[in-house]
Amino acid sequence: MPHQTFITPSHGEGGSLEEHLSTTGTVVDRGLEGVVVGSTVLSNVEGQVGRLTYRGYDIDDLAPNACFEEIVHLLLYGHLPTAEELASLKRELGSRRTLPEPLVAAMQAVPKTAWPMDVMRTIVSGLALFSPVNNKGEHVSDIHSAIELIAKLPTILAAWDRIRRGLEPIEPRADLSQAANFLYMRTGKVPTEMEEDAVDTYLVLLADHSYNASTFSARVTASTRADLYASITAALATLTGDLHGGAASASYNNLVAIGSPQNAEKFVRDELSKGHRIMGMGHREYRVRDPRAKHLEAIAKKLSEHQGNTKWYAIARELENQSQRILAEEKPDRKIYANVDFYTAPVLADLGMPGDEFTCLFACGRVAGWTAHVLEQLHDNRLIRPQATYVGPPPGPFVPIDKRQTSTVGSA
Ligand code: COA
């Protein structure tokens with residue numbers, strides 16, 4: 001049974017929502033928890049058992065065996081690719097990576113302090129200005145425009161990473177995988193197999209997650225018949241918040257603040273006593289550990305041991321232990337375990353990425369799911385337009401400005 005909650009009006013003379021509900025029998029689920037708002041064939045989250053599948057394939061099988069490009073094919077075309085189909089998709093991705101020069105110039109013109117997600121969202125929106133239109137002046141939202149966006153997001157992130165450091169962006173290479181090319185564009189060096197695999201598996205794990213907030217946002221936007229660029233811009237905006245994709249960056253800030261595993265317990269207790277949440281812990285759907293966390297934890301361990309510096313992994317490990325234990329004591333009714341963003345932090349930190357870019361790399365994976373969801377929405381579209389229960393003042397006469405008195409009513 002979903003968690004049913006009643007909203008209390010913040011101001012006004014209207015009846016309370018409780019009063020309204022008692023007369024209408026309407027139920028409001030805050031945050032739409034447990035409410036089914038649509039269907040999808042793309043992915044399934046089974047929160048009680050901790051299983052995530054993409055078109056019926058378990059991510060436990062996909063993560064070690066399939067590359068990100070295979071997942072893109074699975075989501076967009078409906079099946080895992082043959083070797084020939086994979087090669088063709090890789091060629092197309094490789095050929096679409098370069099950004100329009102004016103957008104690179106725009107990035108060079110913005111303050112170097114700009115937040116990477118702001119830059120990514122703005123440049124993705126800008127891509128619409130350079131994309132072809134049909135004879136009605138509309139952008140075409142099809143698989144190829146989806147591939148265009150999937151190809152270009154890592155280029156935006158890598159270019160901004162270099163520009164903010166005062167360096168020239170590096171042209172993408174068409175012969176590398178999405179993961180390897182991303183790392184190459186950051187440093188100019190072709191990554192090791194271990195580094196490439198780490199990013200590749202990360203992208204696989206992040207590719208889709210049913211009707212999460214940013215995907216839902218993309219589908220709502222697409223349902224108005226807005227195009228793919230508008231929908232992905234909306235999704236990027238939604239991803240930024242720290243209850244969603246922003247948790248990856250926030251989780252890294254925690255590792256930095258903790259500094260050493262022995263400080264983890266005090267950190268958790270201090271955060272909770274201040275009413276803060278432990279970033280990277282908890283999930284709306286999962287009541288067990290997020291199934292993606294174990295893969296990321298294994299990558300974090302392997303990468304850190306290989307590099308001979310297990311600092312981030314060791315802090316994360318202890319932070320998870322302490323958070324899980326203390327949250328179980330303090331919130332016994334809510335099962336709170338590590339989510340996908342928790343071990344994102346040590347993995348990406350060990351790859352040398354700055355913490356404020358983590359959410360952007362999340363977007364580089366999730367754009368595969370976003371675009372597939374937009375195309376699915378458009379395939380059988382109906383405008384998404386829910387209702388709200390009005391709990392404000394009842395209808396009343398208009399008051400001319402010279403008759404109005406200072407009042408707190410309606411000032412919130
Ligand atoms: N740290 C501390 N308390 C947490 C928590 C966390 N990470 N996650 C949930 N809780 C607590 C809430 O404070 C709340 O307690 P209360 O009932 O005493 O007020 C209770 O658990 C339920 O929280 P609620 O916000 O209703 O659950 P939700 O389904 O909306 O939560 C998240 C899902 C993801 C928003 C939540 O777990 C969270 O904020 N996590 C941290 C951010 C994060 O990692 N986001 C990425 C998700 S992939």
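Just checking, does segment 138-146 include any residue being among the acidic types (Asp, Glu), surrounded by fewer than 16 Cβ atoms within 10 Å (Cβ to Cβ) and at pLDDT below 95?
yes
Any idea how many residues of segment 109-118 are more than 19 Å from LEU236 (Cβ to Cβ) and under 23 Å from the mean Cα position of the chain (by Cα)? Walk me through it before giving the result.
So in segment 109-118, the residues more than 19 Å from LEU236 (Cβ to Cβ) come out as 109, 111-113.
Then keep just the ones that are under 23 Å from the mean Cα position of the chain (by Cα); that gives 113.
Going through segment 109-118 one residue at a time, the tally reaches 1.
Filter segment 100-159 down to residues that are assigned to a loop (DSSP other than H, G, I, E, B) and hydroxyl-bearing (Ser, Thr, Tyr), then give me how many there are.
Counting residues in segment 100-159 that are assigned to a loop (DSSP other than H, G, I, E, B) and hydroxyl-bearing (Ser, Thr, Tyr) gives 3.
How many residues does segment 229-262 contain that are more than 16 Å from CYS364 (Cβ to Cβ) and either in a loop (DSSP other than H, G, I, E, B) or charged (D, E, K, R) (or both)?
The total comes to 5.
Of the residues ALA106, ALA151, ALA128, only one is over 17 Å from ARG366 (Cβ atoms) and either crowded, with 21+ Cβ neighbours inside 10 Å or within 24 Å of the chain's Cα centre (by Cα) (or both); which?
Values: ALA106 fails: either crowded, with 21+ Cβ neighbours inside 10 Å or within 24 Å of the chain's Cα centre (by Cα) (or both); ALA151 fails: over 17 Å from ARG366 (Cβ atoms).
The match here is ALA128.
Quick check on my filter: what residues within segment 347-396 are more than 20 Å from SER217 (Cα to Cα) and not in a helix (DSSP H, G or I)? First the steps, then the outcome.
Just the residues of segment 347-396 that are more than 20 Å from SER217 (Cα to Cα), to begin with: 347-358, 389-396.
Within segment 347-396, LEU351, GLY352, MET353, PRO354, THR389, TYR390, VAL391, GLY392, PRO393, PRO394, PRO395, GLY396 meet the criteria.
For segment 27-47, give me each residue that is in a loop (DSSP other than H, G, I, E, B), of a type outside the set (Val, Ile, Thr) and within 16 Å of the ligand (Cβ to nearest atom).
ASP29, GLU33, GLY34, GLY47
Quick one: which of THR201, THR215 is crowded, with 18+ Cβ neighbours inside 10 Å, under 29 Å from HIS306 (Cα atoms), in contact (Cβ under 8 Å) with a residue 60 or more places away in the chain and in contact with a His (Cβ under 8 Å, 6 or more places away or on another chain)?
THR201
Is it true that GLY280 is within 12 Å of the ligand (Cβ to nearest atom) and either of a type in the set (Lys, Arg) or on the phi > 0 side of the Ramachandran plot (or both)?
Yes, satisfied.
How about segment 36-54: which of its residues are surrounded by 14 or more Cβ atoms within 10 Å (Cβ to Cβ) and touching a residue at least 24 places away in the same chain (Cβ under 8 Å)?
GLY38, THR40, LEU42, SER43, ASN44, VAL45, GLY47, GLY50, ARG51, LEU52, TYR54
I'm checking my understanding of the structure. Among residues of segment 203-228 that are assigned to a helix (DSSP H, G or I), within 13 Å of the ligand (Cβ to nearest atom) and closer than 14 Å to TRP370 by Cβ, which one is nearest to the chain's Cα centre (by Cα)? Before the answer, list the steps.
Just the residues of segment 203-228 that are assigned to a helix (DSSP H, G or I), to begin with: 203-206, 213-223, 228.
In the following step, the residues that additionally are within 13 Å of the ligand (Cβ to nearest atom) were identified as 205-206, 213-215.
Keeping just the survivors that are closer than 14 Å to TRP370 by Cβ gives 206, 213-215.
Values: LEU206: 8, ALA213: 8, SER214: 6, THR215: 8 Å.
Among those residues, the one meeting the criterion is SER214.
Only one of ILE336, ILE315 is β-branched (Val, Ile, Thr), touching a residue at least 24 places away in the same chain (Cβ under 8 Å) and either within 8 Å of the ligand (Cβ to nearest atom) or closer than 20 Å to GLY47 by Cβ (or both). Can you tell me which?
Checking each option against the conditions leaves just ILE336.
Any residue that is charged (D, E, K, R) and within 12 Å of the ligand (Cβ to nearest atom) - is there at least one of those in segment 296-304?
Within segment 296-304 (the criterion being charged (D, E, K, R) and within 12 Å of the ligand (Cβ to nearest atom)), the answer is no, since none of the residues qualifies.
More than 10 Å from the ligand (Cβ to nearest atom) and either surrounded by 15 or more Cβ atoms within 10 Å (Cβ to Cβ) or within 29 Å of VAL45 (Cα to Cα) (or both): does that describe VAL268?
Values: more than 10 Å from the ligand (Cβ to nearest atom): no; either surrounded by 15 or more Cβ atoms within 10 Å (Cβ to Cβ) or within 29 Å of VAL45 (Cα to Cα) (or both): yes.
So VAL268 fails the test.
Rundown of residues vs (1) over 20 Å from the mean Cα position of the chain (by Cα); (2) away from the ligand (no atom under 12 Å from the Cβ), yes/no style:
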| position | (1), (2) |
| --- | --- |
| ALA230 | no, yes |
| ALA234 | no, yes |
| ASP242 | no, no |
| ALA257 | yes, yes |
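Applying the selection to segment 170-179, what residues are farther than 10 Å from THR98 by Cβ and in a loop (DSSP other than H, G, I, E, B)?
Result: ILE170, ARG173, ASP175, LEU176, SER177.
The values are calculated or read from the model by the stated rules, or taken from the named source; none is laboratory data. Bear in mind that the values here come from a model prediction, so they are computed numbers and not experimental data. Cβ sites come from the backbone with ideal geometry, for glycine too, and all protein chains shown count toward neighbours.
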